[in-house]
Amino acid sequence: MSASEDEIEMYRELFTSFDIDGNGKIDANELDIGLRNAGMNRCRESIIKMIDDVDTDNDHELDFDEFLNLIQSEQLTGLFEGEMTQALEWQQSTVGLQSIYGQCPTPPETEESVKTGLARLQIELEGIKKKKGFNQALQKCPHLIDDDFLLMFLRTEVFHAGRAAQRLVTYWDKRIEIFGEAKAFMRLTLDEALADDSVALSLGYVRPTGQSDSTGRAILFMDFSQEGKADYTSFSLIRTVWYAIHVALEDENAQKEGIVIIVKSSDSLRQCSIKTRKELARNIQGALPFRLGCFQICHPPSFINIILKIVRLLLPKKLRSRIRQHKGTHEEVIDSLAIYGIPKSAVPDIWGGDLNLEGHSEWLEARRSIENGRY
């Protein structure tokens, strides 16, 4: 199968991410690590067979051309298609929108269950030995780690205290890495932790819509077409994503039910940055206290299947199955989103919806006023 120059450039960037030692070859160990990071746990024999099937020079490693053949192989395509078929079958068998994405329902909360959950979380935290970032946070910003903050992590893990504790520890490690020690312990507000991110914030790369679906999931809008349109660092962009998600989580229903992301794709293959998306996935998965319901991709471009194949290699299996596409006229896309309980008011005006994308700067100023009045 032939590929365009832009496609090959994207695949080469992906190849580099698998080539851990940078020797221009991917061996079984490197392929195994890359696939496991994407949630594809394959036995050793299966990994070796994947290599052998495309290994034209029989050196038991993949050079770039052989890697390209693997990426375009029916075997990998079939694996992803099988996962998607399974997800859609689940969706069709589900009654009601509460479980349409295959997520476990959040348990009913009482004052006693919350108190018990928080106590169990503290016990689990005490049992985790390596929690340097969390311990730093306890010392430098104990006011940020109150019961309401801890409760977000319990809700994300449907009150499984052990998983919530691990997510909380990972959260602080990632927060320090992304924001740096000078700002990691500040409040995540526009004038504190994000004071130096005005350029990335102005893009509206990810923004809350202020809307929820019919079950209470918060709806965010993610605009990949904004990538590369300003001078910013990848960490600055990631900080804006953290900020947008934290704003959405101010709604208690979003903490319990989760978040849905409406996606506008990149304008071209050349605009896509594998490095940025890999960094984004790495710094969100297993750290932020939210439940991702689905990526709802609207009006996907002709090259969407190429993008999705690469994205699915960067996402764990659970998230790979939570991608939906909506094609057709604006009206047909709006009707398609409505099946998932997403209202027209959350659909951007560029697609015939009511969400004004030009009002992002005004939204930022409104947020600044809210934050300054609150703190």
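The values are calculated or read from the model by the stated rules, or taken from the named source; none is laboratory data. Everything quoted here is computed from the prediction, not taken from an experiment. Neighbour counts are summed over all protein chains in view; Cβ atoms, including those assigned to glycine, are modelled from backbone coordinates with ideal geometry. To get the accessible areas, we keep the full protein, side chains included, count just its heavy atoms, and leave off ligands, DNA and RNA. Shrake-Rupley method; radii C 1.70, N 1.55, O 1.52, S 1.80 Å.
Brief remarks follow.
- Under the combined filter of DSSP loop state and at most 16 neighbouring Cβ atoms within 10 Å, the stretch 108-201 retains these GluC sites (Glu not before Pro): Glu109, Glu181, Glu192.
- Cross-link pairs Lys183/Lys344; Lys174/Lys344; Lys174/Lys229 - those with Cα-Cα distance over 32 Å: Lys183/Lys344; Lys174/Lys344
- Of all accessible heavy-atom area on the chain, the percent that carbon and sulfur account for (1.4 Å): 50
- With R₀ set to 51 Å, the beta-carbon distance separating Ile339 from Glu126 gives a calculated FRET efficiency near 0.65.
- When His360, His60 are compared by accessible area at a 1.4 angstrom probe, the order from most to least is His60, His360.
- Gyration tensor (alpha-carbon) shape descriptor, the stretch 223-375, a/c threshold 1.5: rounded
- As a length-normalised measure over Cα pairs under 8 Å and 6 or more apart, the relative contact order of the chain settles at 16 percent.
- Surface accessible to a 1.4 Å probe, per residue, for the residues of the chain, Å²: 47
- Rounded, prolate or oblate (a/c below 1.5 giving rounded, otherwise prolate when a/b exceeds b/c) for the stretch 199-249 by Cα gyration tensor: prolate
- Note on the chain: GNM, Cα springs under 10 Å; of Met186, Met152, Met222, the largest mean-square fluctuation is that of Met186.
- Of His299, His143, the residue with the largest accessible area leads and the full order is His143, His299 (1.4 Å probe).
- Helix-only mean residue ellipticity at 222 nm for the chain, each DSSP H run of n ≥ 4 adding -39500 (n - 2.57), per residue, nearest 500: -15500 deg cm²/dmol
- Proximal charge balance of Gln166 [Cβ under 10 Å; K/R count +1, D/E count -1]: +1
- Degrees separating the helix 74-93 axis from the principal Cα axis of the chain, which is the longest one: 40
- Gyration tensor (alpha-carbon) shape descriptor, the stretch 260-301, a/c threshold 1.5: oblate
- Seen against the Cα atoms of the chain and their longest principal axis, helix 147-156 is set at about 30 degrees.
- In this structure, the amide hydrogen of Ile323, modeled 1.01 Å from its nitrogen in the peptide plane, lies closer than 5 angstrom to those of Phe295, counting only residues at least 5 positions away or on a different chain.
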